There are 2 protein chains.
Amino acid sequence: MSTKAVFYHAGCSVCIDAERQFAESLDPAKFDIEIVHLGETPARVAEAEAAGVMTVPAFVIEGQSYHINFGANISDLK
Amino acid sequence: MSTKAVFYHAGCSVCIDAERQFAESLDPAKFDIEIVHLGETPARVAEAEAAGVMTVPAFVIEGQSYHINFGANISDLK
């Protein structure tokens, strides 16, 4: 069974690059990947925060948050 | 042709978790992944720094560094 991986981003250049290198490059046999643009779906900011996301771009996999470089603080997306 | 991806780490718990979730999960059809333990191969710290790695765990892909969460400062590995 594949693992759910959510990639949260805000459309910034750091985010787009991380999306290209990671969100589109995880093994599709292992992961079911959902890409969430928090700038376009601000209603999901609370969900990302609850999962531990402090900055974007970030992944949430199996309840753990993985921040990749720094694009924006999630507090700036509210 | 697959892209070279180097994953630098230092054996810390944050590193091991990132290795499991990312280094072992990138699509093998797209990436040729090398895993480098800088604690065991300190001679490669300079190479990682030259590629822009400031903290581990981190990937270097196509000349870009991608820092995942925070395990250790590379300056502490010298």
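Please treat every number below as a calculation from the coordinates, not as lab data. Here the structure is a predicted model, which is why all the values come from computation and not from measurement. Every residue, glycine as well, gets a Cβ built from its backbone with ideal geometry; the counts of neighbours run over all protein chains shown.
What to note about this one:
- Position A:G52, label points 7 Å along Cα→Cβ, spacing to each other copy in nm (shortest first, one decimal): 2.6
- Residue pairs, from the table A:K78/B:K4; A:K78/B:K30; A:K4/A:K78; A:K78/B:K78; B:K4/B:K78, whose Cα atoms sit over 32 Å apart: A:K78/B:K4; A:K78/B:K30; A:K78/B:K78
- Principal axes of the protein assembly as shown: Cα extent on each, largest first, Å: 47, 31, 26
- Helix-only [θ]222 nm of chain A, DSSP H runs n ≥ 4, -39500 (n - 2.57) each, per residue, nearest 500: -3500 deg cm²/dmol
- Tail weight of P(r) past 17 Å, computed on alpha-carbon pairs of chain B, percent: 36
- Label distances, nm, B:Q64 versus same residue in remaining copies, Cβ-directed 7 Å point: 2.3
- Between identical copies, the spacing of A:E40 label points, each set 7 Å from Cα toward the C-beta atom, reads 4.3 nm from nearest to farthest.
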